[in-house]
1. For a quick check: with amide H placed at 1.01 Å from N, whose amide H comes under 5 Å from K51's, ignoring anything fewer than 5 positions away on the same chain?
2. In sequence order, what are the phi-derived ³J(HN,Hα) couplings for the range 34-42 according to the Karplus relation 6.51 cos²θ - 1.76 cosθ + 1.60 with θ = phi - 60°, rounded to whole Hz, with x for glycine and proline?
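Derivation of every value follows stated rules applied to the coordinates shown; laboratory data play no part. Computed from a predicted model, the values in this text were never measured in an experiment.
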Amino acid sequence: MNGKKNFRLLRKYHLTCVNHTDVLDNVLHLCATCHEEFDDKFHPNLVILLKHLNFFFDWEERWQSEFDPLDPRNRTAPTAETYQRHCESLIRGEGILEDKGGFYVAYMDLDFLPPLPPGYPPLPNYGEYQWHGDPGAMVFHAIQAAVRMAGLDLLPEVVKDDCCNCILSTRGESNR
C-alpha cells in the first residue's frame, strides 16, 4: 500500500488530525541525512515514537469502550496540543516551551551518521526530543517504518512491542 493511500485511510478513520501530508505545522525538522533515513520506503533506519505511547493507547481504548454502533460518533484523534498538555501534566510544573510540543523518542536502527571526530563520545542510538506535530501521524509512520526495517538490531524490545500494540489497538485488540 502506498503512502498516500495509507494517509487517506488514516484521515478516513480519524486517526490523524493532519489534512494533508505537506502541512507546515507537521514539519519534522531533521538534517538531510536523518530525513532520508526517516523517509526511506524500503529500509528506514530512523523511527520516531511518542515518548508516552500509553497516551495514544489510552485515547484509542477510551474511544473504543465508548463506541456505540447504534449511535456512531466520529473517532477523534489526539491533537498535538492534547499530547503536549499530557506531557506537561507528567512533568508537574516544570513546563515545556509552548511552541515545541510533546515528547518523542527517536531510535536509529543503524549508525548511519558520519563518523565523529576523534575524542568525541559515541552517540546513543536514541534521543528524546520535543516536536509540535501530529501524534497520530507519527505513530502510524513509526508502525510502517518498523514493519519495513530489515534489521531491528538496535531498537529496544519495548519499541518493537509498542509498534505491534499500536496496530492491535487500532483493530480493537490489545496485547497489553
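1. F103, Y104, V105
2. Each residue's phi maps through the Karplus curve to give 5, 4, 4, 6, 5, 8, 4, 7, 10 Hz.
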